[in-house]
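Contents: one structure, followed by commentary.
The values are calculated or read from the model by the stated rules, or taken from the named source; none is laboratory data. All figures in this text were calculated on a predicted structure; none of them were measured in a lab. Every residue, glycine as well, gets a Cβ built from its backbone with ideal geometry; the counts of neighbours run over all protein chains shown.
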Amino acid sequence: MSSAVSSTSSSSAASAQAAAASVTSQGIGSGLNIGAIVTALTSAYGAAQTNQLTTQKNTLTAEISAYGTFQSALSTLQAAVTPLLSTGALAGFTATVADKTIATASASPTATAGQYTLEVQNLATAASLSSNPVASASAAIGTGTLTVAVGSKSMALTIDSANNTLAGIASAINQASGNPGVSASVLTTTAGARLVISGTATGAANAITVTQSGGDGGLASLVYDPANGTTNMTQTQAPLDAAFKLNGYPATSASNVVGGAISGVTLNLIAPSATGVSTTLNIAPDTTAAQTSIGTFVTALNGVLTSIQSLTGFDPTTNTAGPLNGNATLQSFQNQLEHILGQVQSGNTGSIQSLSDLGITANPQGTYDSNTTTLGNALSANLSAVAGLLGGTNGLATRINNLIDGFTQVGGLLPTITQGLQTGLTNVAKQQVALTAQLATYSATLTAQYNAMDSAVAALKQTQTYLTAEFNQGNIQNNQTNSSLSSGTTSTSG
């Protein structure tokens, strides 16, 4: 029996050890949900620091986004003041020709309002020469040196057996690096093929001459040299200056685009007028563009002010503060901006000395209203004075532009602040990574401890099961012995 007991005991101990060693699922021995317990304890252990880092991250992210919103509004405002910086750009003019089949016109900011009569006698033209016809474009003409000149510029072409046809000569002219301003083509009609040489520039000074030397003399058929009495080519179009009259006074131009006849005005001559008939050219202030630019400026200005109110303010209705509530940087910008907007330029000409003279006034909501009628009247009455108030060295637009630059340029206040916030966000991310690693170590330690406890409980339960089984087996044997004695049955060995 002792042998059996010993054998059973050894087997049970081994089983207990094996059971303890094989506890890989949490809670096998203890019945506890170890995974849930470890998770809860780990979360509780890191809750304070996790919440703190999350709050820091959310705050920094909200501030970065808020500064981005503010900078976007400033960019829009800066784009809106750009057309107002130059007094000339704002004080524009329109140029209108009554008969647009004769000419069109445009005016620069340097123009002066006025009305003129315009009569176009003839347009500027470019010279064009044509040779006598030959059998075909591939017919040989001759060899030698062909010199083509336009005004004082010329080029000398070597014509040999490789390019001595009309087609070859036209190609040589067009491909020459020193081309003085002509193009060449071959015109083929029922009469035969002709070489056509056309000038690329209009005007009487751009006459074309063609001379030749050397070779077999065949290039003489292409000579056009009226000064020396040789015109073997025909001038199909003479080079002419444009001739026109302004207020009855004659004028000429080498080009049909005339830029110097009226100060600040460019004429584009299209066709000759009927003989003795003139049309009207009217130069007037362009208030439409100015009104549009100023309206865009007011809209962008209100965008900045509304952005500041939203980002720095507090809404008592929802009990919600803006992400930059009470921010000194935005308040400083607003104070400087409102100081500029409220300035009066007493030295400005006329009655245009402040934004209110343009119908632009502050309202109780902290933004600006614009009276388009007042603005339109001011622009019509004295466009240059409006331009002087807004543009130029001391103009309101210039001062606003400089203020924005001080806040947004590289190294400015806003980029510096944003960079600091980004650095803070990076540091928070690093702390979150470190905390995650720390919590992972803490969780692993707890898991190991609970698994060890669970293994110990499993081993104890195994021992308990073994002892219970042994105890029950002993009771069964005792009961069997007692039963045999009470029945008087004995057994003896022979």
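Structure values in brief
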read-out: Unique match (being within 30 Å of GLY35 (Cβ to Cβ), of a type in the set (A, V, I, L, M) and either loosely packed, with under 12 Cβ neighbours inside 10 Å or modelled with pLDDT under 85 (or both)) among ALA444, ALA469, ALA458; value: ALA458
read-out: Test: residue in region 307-329 that is of a type outside the set (Asp, Glu) and closer than 30 Å to GLY88 by Cα; value: no
read-out: Of all residues in region 59-109 being in contact with a helix residue (DSSP H, G or I) (Cβ under 7 Å, 6 or more places away or on another chain) and assigned to a loop (DSSP other than H, G, I, E, B), the one that is nearest to GLN334 (Cα to Cα); value: LEU85
read-out: Some residue of region 164-174 being under 45 Å from the mean Cα position of the chain (by Cα) and not assigned by TED's automatic domain parsing to the domain that holds SER253; value: yes
read-out: Exclusive hit being assigned to a helix (DSSP H, G or I) and of a type in the set (S, T, N, Q), set THR280, THR306, THR266; value: THR306
read-out: Residue ID - surrounded by the most Cβ atoms within 10 Å (Cβ to Cβ), chosen from residues in region 216-241 that are under 18 Å from ASN132 (Cα atoms) and aliphatic (A, V, I, L, M); value: LEU219
read-out: Residue among LEU324, LEU330 that is crowded, with 19+ Cβ neighbours inside 10 Å, touching a residue at least 60 places away in the same chain (Cβ under 8 Å) and in a loop (DSSP other than H, G, I, E, B); value: LEU324
read-out: Candidates VAL265, VAL277, filtered to the one that is farther than 30 Å from SER171 by Cβ, touching a Ser or Thr at 6+ places or on another chain (Cβ under 8 Å) and assigned by TED's automatic domain parsing to the domain that holds GLU119; value: VAL265
read-out: Evaluation of ILE208 against (1) out of contact with any Pro (no Cβ under 8 Å at 6 or more places or on another chain); (2) in contact (Cβ under 8 Å) with a residue 60 or more places away in the chain; (3) not acidic (Asp, Glu) (one fails), failing number; value: (1)
read-out: Count of residues meeting criterion [of a type in the set (A, V, I, L, M, F, W, C), without any contact (Cβ under 8 Å) to a residue 24 or more places away in the chain and not assigned by TED's automatic domain parsing to the domain that holds VAL120] in region 212-258; value: 2
read-out: Conditions (1) at pLDDT 90 or above; (2) aliphatic (A, V, I, L, M); (3) over 15 Å from PHE70 (Cα atoms): number failed by LEU337; value: (3)
read-out: Boolean, ILE37 is in contact with an Asp or Glu (Cβ under 9 Å, 6 or more places away or on another chain) and surrounded by 14 or more Cβ atoms within 10 Å (Cβ to Cβ); value: no
read-out: Test result for SER346, over 31 Å from the mean Cα position of the chain (by Cα), surrounded by fewer than 18 Cβ atoms within 10 Å (Cβ to Cβ) and either more than 30 Å from THR59 (Cα to Cα) or at pLDDT 90 or above (or both); value: yes
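This table checks each residue for (1) part of a helix (DSSP H, G or I); (2) under 24 Å from the mean Cα position of the chain (by Cα); (3) loosely packed, with under 15 Cβ neighbours inside 10 Å.
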| site | (1), (2), (3) |
| --- | --- |
| ALA378 | yes, no, no |
| ALA385 | yes, no, no |
| ASN394 | no, no, yes |
| ARG399 | yes, no, no |
| ASN402 | yes, yes, yes |
| GLY411 | no, yes, yes |
| LEU421 | yes, no, no |
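Yes/no per residue for (1) part of a loop (DSSP other than H, G, I, E, B); (2) within 26 Å of ALA162 (Cβ to Cβ); (3) acidic (Asp, Glu):
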| residue | (1), (2), (3) |
| --- | --- |
| LEU195 | no, yes, no |
| ALA201 | yes, no, no |
| ALA205 | no, no, no |
| ASP216 | yes, yes, yes |
| LEU219 | no, yes, no |
| ALA243 | no, no, no |
| VAL258 | no, no, no |
| ALA261 | no, no, no |
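One line per residue, one yes/no per condition, for (1) within 26 Å of the chain's Cα centre (by Cα); (2) farther than 30 Å from SER273 by Cα; (3) modelled with pLDDT under 75:
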residue	(1), (2), (3)
SER7	no, yes, yes
ALA13	no, yes, yes
LEU41	no, yes, no
PHE93	no, no, no
THR104	no, no, no
PRO109	no, no, no
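Residues checked against (1) in contact with a Lys or Arg (Cβ under 7 Å, 6 or more places away or on another chain); (2) crowded, with 20+ Cβ neighbours inside 10 Å:
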{"position": "THR112", "(1), (2)": "no, no"}
{"position": "VAL120", "(1), (2)": "no, yes"}
{"position": "LEU123", "(1), (2)": "no, no"}
{"position": "SER130", "(1), (2)": "yes, no"}
{"position": "SER138", "(1), (2)": "no, no"}
{"position": "ILE141", "(1), (2)": "no, yes"}
{"position": "GLY181", "(1), (2)": "yes, no"}
{"position": "THR188", "(1), (2)": "no, no"}
{"position": "VAL196", "(1), (2)": "no, no"}
